[in-house]
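Peer 1: The structure is given below, and queries will be raised subsequently.
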Amino acid sequence: MVESEQITIYKVKIIVDANIVFSGILNCNSKIGDLLINSKKRFQFISPEFLHYEIKAKYAKIQAISGLGIEQVMEAEYQVCKDIVFISEEQISARHLDEAFVLVNDIDEKDLLYVAYSRQFRCKIWSGDKKLIKGLRAKGFNNLINTSELFELRSKKTK
């Protein structure tokens with residue numbers, strides 16, 4: 001009798017930043033949209049709770065860029081965000097917020113929470129923000145992943 005090979009796939013936690021979510025909303029059929037919408041079995045996407053409010057505040061801009069109506073934007077937002085776990089910043093320790101501030105204060109303080117979440121949950125940040133990526137890497141912070149790397153990771157099977 002031959003034993004069947006058992007494959008266990010563990011969810012990888014990934015911090016998703018705003019530019020990734022906006023890209024996914026603007027084009028749900030893009031590689032980014034595909035990853036956000038169709039990767040629930042492989043990844044656990046995490047983002048700060050404020051991103052929900054930031055999206056809603058930019059509906060008009062999203063409509064103008066995409067040419068979509070408000071209902072289509074809302075549907076795209078739902079599809080892109082349905083599998084993201086939004087976490088309140090109150091759950092992030094002061095130590096991780098302080099560490100993150102040191103890393104981002106001269107790059108872009110708006111990215112503080114993404115770095116703090118990455119520290120808190122010990123996972124990578126998925127970002128397309130070249131300034132952030134370059135600045136963090138220059139400081140030795142390499143807990144970053146790009147879209148191509150994430151797409152490749154999704155394709156791999158884990159034993």
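Read-outs throughout are calculated quantities, based only on the coordinates presented, and are distinct from any laboratory measurement. From a predicted model like this one, the values you see are computed outputs, not experimental measurements. Backbone-built Cβ (ideal geometry, glycine too); neighbour counts: all protein chains shown.
Peer 1: Given the options Phe43, Phe50, name the one that is closer than 25 Å to Val115 by Cβ, in contact (Cβ under 8 Å) with a residue 60 or more places away in the chain and in contact with a strand residue (DSSP E or B) (Cβ under 7 Å, 6 or more places away or on another chain).
Peer 2: Phe43
Peer 1: Follow-up question, since we're still on this one. For residues in segment 105-140 being surrounded by fewer than 17 Cβ atoms within 10 Å (Cβ to Cβ) and not basic (Lys, Arg), which is nearest to the chain's Cα centre (by Cα)?
Peer 2: Gly128
Peer 1: When both residues are 6+ apart or on different chains and their Cβ atoms are under 8 Å apart, which pairs have a first residue that lies in segment 57-79 and is farther than 9 Å from Ile25 by Cα, and a second that is hydrophobic (A, V, I, L, M, F, W, C) and exposed (fewer than 14 other Cβ atoms within 10 Å of the Cβ)?
Peer 2: Tyr59/Ile70; Gln63/Ile70
Peer 1: I've got another one for you. Within segment 124-149, take every residue that is in contact with a strand residue (DSSP E or B) (Cβ under 6 Å, 6 or more places away or on another chain) and not in a loop (DSSP other than H, G, I, E, B) and give me the one that is farthest from Leu113 (Cα to Cα).
Peer 2: Filtering first and then ranking leaves Ile145.
Peer 1: May I ask you to say which residue of Ile84, Ile92, Ile70, Ile65 is of a type in the set (A, V, I, L, M, F, W, C) and over 16 Å from Phe22 (Cα atoms)?
Peer 2: So the residue among Ile84, Ile92, Ile70, Ile65 that is of a type in the set (A, V, I, L, M, F, W, C) and over 16 Å from Phe22 (Cα atoms) is Ile92.
Peer 1: In segment 101-112, what residues are outside any helix (DSSP H, G or I) and among the aliphatic types (A, V, I, L, M)?
Peer 2: Passing the criteria: only Ile107.
Peer 1: Ok, one more. Does Val115 meet the test of being closer than 17 Å to Leu36 by Cα, part of a helix (DSSP H, G or I) and of a type in the set (Val, Ile, Thr)?
Peer 2: Considered against the rule, which asks whether it is closer than 17 Å to Leu36 by Cα, part of a helix (DSSP H, G or I) and of a type in the set (Val, Ile, Thr), Val115 comes out as no.
Peer 1: Which of the strands (runs of 3 or more DSSP E) found entirely inside segment 1-100 contain at least 3 residues meeting this: in contact with a Cys (Cβ under 9 Å, 6 or more places away or on another chain) and surrounded by 12 or more Cβ atoms within 10 Å (Cβ to Cβ)?
Peer 2: 12-16, 43-48
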